[in-house]
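Worksheet: the structure to be examined is printed underneath.
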Amino acid sequence: MNSKHKKNKGFTLVEVIMTGAILAFGIVSIYEALFISVDTHGYYVHYLSTQDWMSEKIWEVQSKLINSGVIDEEQTSGQIVRNHKTYDWHMVVSSMDETQGLYQVRVTLSWREGKKIVKTTRETYVMPPQLKIYNEEGSV
């Protein structure tokens with residue numbers, strides 16, 4: 001056999017380096033997607049665990065309104081701990097229409113997710129149950 005007709009059956013160094021670079025890029029992309037999904041999952045776990053607490057605060061305001069008929073405009077804040085996580089909360093109750101007894105309630109929760117601060121807000125309107133709402137024609 002002549003050495004001129006002999007075929008190389010191996011890989012060149014450039015081919016090996018390019019293959020390694022492509023594989024490394026693929027692995028980095030997969031890990032990045034994994035970390036993003038873990039962060040998103042952590043956010044929604046905390047978000048969902050706080051929604052019942054926020055509803056409870058709103059129901060407390062509604063209960064005060066039902067029992068007394070009037071709510072003092074107020075701003076309150078504090079901290080709560082749920083599932084070993086500390087949340088800062090702030091609630092604002094403001095009168096929208098004193099004659100009708102309509103109040104706006106805004107509850108904001110914030111917490112740290114890594115280096116960033118995440119906030120979620122719920123806003124609703126409450127009014128006494130005996131209040132009737134009339135349309136433009138004067139009927140209920």
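Against the conditions (1) among the β-branched types (Val, Ile, Thr); (2) exposed (fewer than 14 other Cβ atoms within 10 Å of the Cβ); (3) not in a loop (DSSP other than H, G, I, E, B), where does Thr99 fall short? Just the number, please. Condition not satisfied by Thr99: (3).
All conditions in (1) among the polar types (S, T, N, Q); (2) within 24 Å of Glu113 (Cβ to Cβ); (3) touching a residue at least 40 places away in the same chain (Cβ under 8 Å) hold for Gln62, with the sole exception of (2). Screening His84 against (1) exposed (fewer than 11 other Cβ atoms within 10 Å of the Cβ); (2) touching a strand residue (DSSP E or B) at 6+ places or on another chain (Cβ under 6 Å) leaves a single unmet condition, (2).
Among the candidates Ser110, Ser29, Ser49, the residue that is farther than 27 Å from Pro129 by Cα, out of contact with any Pro (no Cβ under 7 Å at 6 or more places or on another chain) and not in a helix (DSSP H, G or I) is uniquely Ser110. Taken together, Leu23, Leu65 contain a single residue that is farther than 23 Å from Val126 by Cα and either surrounded by 10 or more Cβ atoms within 10 Å (Cβ to Cβ) or among the hydrophobic types (A, V, I, L, M, F, W, C) (or both), which is Leu23.
Only residues that are at pLDDT below 85 and of a type in the set (Ser, Thr, Tyr): list them for segment 96-120, please. Listed by number, the list holds a single entry, Thr99. Being out of contact with any His (no Cβ under 8 Å at 6 or more places or on another chain), surrounded by 10 or more Cβ atoms within 10 Å (Cβ to Cβ) and touching a residue at least 60 places away in the same chain (Cβ under 8 Å) is a property that does not hold for Ile36.
The values are calculated or read from the model by the stated rules, or taken from the named source; none is laboratory data. These numbers come from a predicted model, not from an experiment. Counting neighbours? That spans all protein chains shown, and the Cβs are built from the backbone with ideal geometry, glycine included.
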